[in-house]
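Heads up: the structure comes next, in structure tokens.
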Amino acid sequence: MPRALIAGNWKMHKTVAETVDFVRGLKQRLSGVSDRDVLVAPPFTSLHAAVMEARGSSIGIAAQNMHWEAKGAYTGEISAGMLTDAGCTHVIIGHSERRRLFGETDDQINLKIMAGLQAGLKIIFCIGETLEEREAQQTFTVIKTQLNQGLKNIPMGDISRVSVAYEPVWAIGTGKTATPGQAEDAHAFIRTELGRMYPGQSAAETCILYGGSVTPENIKGLMAEPDVNGALVGGASLDLESFLKIIRFEFKQRF
Ligand code: PEP
């Protein structure tokens, strides 16, 4: 069974000072919690400050995006090496907002995953269907394609550093959470597909996160499903108290 992971995606929120305050509070209030992984993904400008504040704790710091090239004339972009240099442990790749608002393709996402792994980062690889795709009964086809394209040529030896985040686009920032049953159906499908792509134990050990309007109120039901190993939390991770409730609630119920 994979180790549980609760990850906060802050998107374009929080200044450096706000980040430092949050990470300081999280570090203090998390002491004693050692049986799950916790990470936050601040904006680029706050990454190094977050890393510095998290020192001495097990809190991971993730970037929300990166470019696949190591360096060069790519104005406005950040490389994987720059993220490890800043002290990041993880990077989120393929978030639906990147796909939808910035036109990221499955091929670009694949290049990013390869470059992130090569630099030593752990990857949170986001996939998920839109409402139209779900209504057209295309959920499994869409997530299968995203998985296969995104992980193309990623060797078996690297897959242990990839977590998959199932984030139905219709549930992100909308307050409409997938039911635990809908989440489990998708997660079980993802695990089966990973098992086909990576025969052996890897799929059983892959951490599959659910993301989409996770709150302190619905985390219990989601985490009770056998293939839900954690959560990628957007809005509810911005407030320390609500993020802690999500982390701790799961702690009391399952451990
Ligand atoms: C996200 O952006 O990854 C996300 C899941 O957002 P929210 O929790 O706000 O729906």
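No lab work stands behind these numbers, since they all come straight from the coordinates. Note that this is a predicted model, so its numbers are computed, not measured. Cβ coordinates were reconstructed from backbone atoms using ideal geometry, including for glycine residues, and neighbour counts include every protein chain displayed.
Lys/Arg Cβ at +1, Asp/Glu Cβ at -1, dipole of the chain taken about the Cα centre: which of 207, 151, 32 is farthest positive-ward?
My answer, from the dipole projection, is 32.
Could you work out Rg/(2.2 N^0.38 Å) for segment 1-79, with Rg from alpha carbons only?
1.21
Rounded to a whole number, what is D in µm²/s for segment 125-203 from Stokes-Einstein with the Kirkwood radius over alpha-carbon pairs (10 °C, 1.306 mPa s)?
So the translational diffusion coefficient is about 121 µm²/s.
Mind listing the phi-derived Karplus ³J(HN,Hα) values for segment 223-235, rounded to whole Hz, using 6.51, -1.76 and 1.60 with θ = phi - 60°, and x for any glycine or proline?
6, 6, 7, x, 9, 9, 9, x, 9, 9, 10, x, x
By a straight-distance test (C-alpha under 29 Å), which lysines pair with residue 112 as possible cross-link partners, with residues fewer than eight away in the same chain excluded?
Counting by Cα, and skipping residues close in sequence, residue 112 has these lysines nearby: 11, 14, 71, 122, 144, 152.
Given N residues in segment 82-177, what is its alpha carbon radius of gyration divided by 2.2 N^0.38 Å?
The reported ratio for this selection is 1.11.
So if I average 1/r over every pair of distinct C-alpha atoms in the chain and take the inverse, what Kirkwood radius in Å does that give?
Over the chain, the inverse of the mean reciprocal pair distance is 18.1 Å.
Report the charge-dipole magnitude of segment 128-172 in Debye, nearest 20, computed about the Cα centre from +1 at each Lys and Arg Cβ and -1 at each Asp and Glu Cβ.
Dipole magnitude for segment 128-172 comes out near 240 debye.
Once every DSSP H run of n ≥ 4 in the chain is given -39500 (n - 2.57) and the sum is divided by its residues, what mean residue ellipticity at 222 nm do you get, rounded to the nearest 500 deg cm²/dmol?
-12500 deg cm²/dmol
Please find, in a Gaussian network model of the chain (springs between Cα atoms separated by less than 10 Å), the residue of 163, 202, 31 whose mean-square fluctuation is greatest.
It is 31.
What value in Å³ per residue do you get for the convex hull of the alpha-carbon atoms in segment 117-255?
114
Amide H to amide H under 5 Å from residue 93: which residues, 5+ apart in sequence or cross-chain, H placed 1.01 Å off N in plane?
124, 125, 126
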